[in-house]
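This report refers to the structure that appears directly beneath it.
The values are calculated or read from the model by the stated rules, or taken from the named source; none is laboratory data. Worth saying up front: this structure is predicted, and the values here are computed from it rather than measured. When we count neighbours, we look across all protein chains shown, and the Cβ atoms used for this are built from the backbone with ideal geometry, even at glycine. Heavy atoms of the whole protein, side chains included, go into the accessibility calculation; ligands, DNA and RNA do not. Shrake-Rupley method; radii C 1.70, N 1.55, O 1.52, S 1.80 Å.
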Amino acid sequence: MNYPEIPNNSLTERIETIIELSRQLIEDNGEGTFKFDAPVSEDEIEAWESEHGIKIPESYKDWLRFSKSSEIDRGCAVFYEPKDFITDNDKKACDVPDECVVIGELGGWGVSICFYPETGEIMHADHGDICRELDFGDILDWVIETLEDRL
């Protein structure tokens, strides 16, 4: 499996861990499906922000600098590229606050990863329960724990 180059940023260590765990799951257990697209360009990030008048949180930009969009372990986590962010309230899960931008999902069972445009705060919405005051590294820590449990 090919992986994009790992950038040197706030998520480097977590990205390296996810890559190593994905290799182990595939090589040792013959399990897992992992897809990491090439990174998004700074121009694409700036264009999306300009078009929508919304700043993407820096911690998620650090992920996008690694992979434009990705799927980790058969839907354990799916992270969207900016053009696929969900800003339309009619398309959001019912438990996502209206003002939030949906940037991915966890677990394949309806947990949305979102951010508040006004503050850049990352959160996840899980069937009515909202976990706030996160950064994207916290989301990746959950992914790492989930992958470690699979080994």
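Relative to the longest principal axis of the Cα atoms of the chain, the long axis of helix 42-52 lies at roughly 30 degrees.
Between the Cα long axis of helix 136-150 and the first principal axis of the chain there is an angle of about 30°, rounded to the nearest 10. Look at where the Cα atoms of segment 1-46 and of segment 120-151 average out, and the two centres are 17 Å apart. Rounded to the nearest 10 degrees, what's the angle between the helix 12-29 long axis and the longest principal axis of the chain, both from Cα atoms, 0 to 90? Helix 12-29 and the main axis of the chain meet at about 50 degrees.
Computed over neighbours whose Cβ is under 14 Å from that of residue 26, the net charge equals -2, Lys and Arg +1, Asp and Glu -1.
For the chain, the direction-averaged projected area of the alpha-carbon convex hull comes to 8.4 nm². Taking only protein heavy atoms and a 1.4 Å probe, the accessible area of the chain is 42% carbon and sulfur. Taking a sphere under 13 Å around the Cβ of residue 9 and counting the other residues whose Cβ falls inside, with K and R at +1 and D and E at -1, yields a net charge of -4. Computed from the Cβ-Cβ distance with R0 of 22 Å, the FRET efficiency linking residue 91 to residue 52 stands at 0.90.
Accessible surface area normalised per residue over the chain is 51 Å², counting heavy atoms of protein chains with a 1.4 Å rolling probe. Of the residues 122, 106, 137, the one whose Cα sits farthest toward the positive end of the charge dipole of segment 97-137, with +1 on the Cβ of Lys and Arg and -1 on the Cβ of Asp and Glu, is 106.
For the pair residue 74 and residue 28, what calculated FRET efficiency results from E = 1/(1 + (r/R0)^6), where r is the Cβ-Cβ distance and R0 = 25 Å, to the nearest 0.05?
That gives a FRET efficiency of 0.95.
Potential lengthening of the chain between residue 141 and residue 17 amounts to 43.7 nm, from the contour at 0.36 nm per residue minus the alpha-carbon distance.
Working from label points 7 Å from Cα in the Cα-to-Cβ sense, the residue 83 to residue 8 distance is 3.1 nm.
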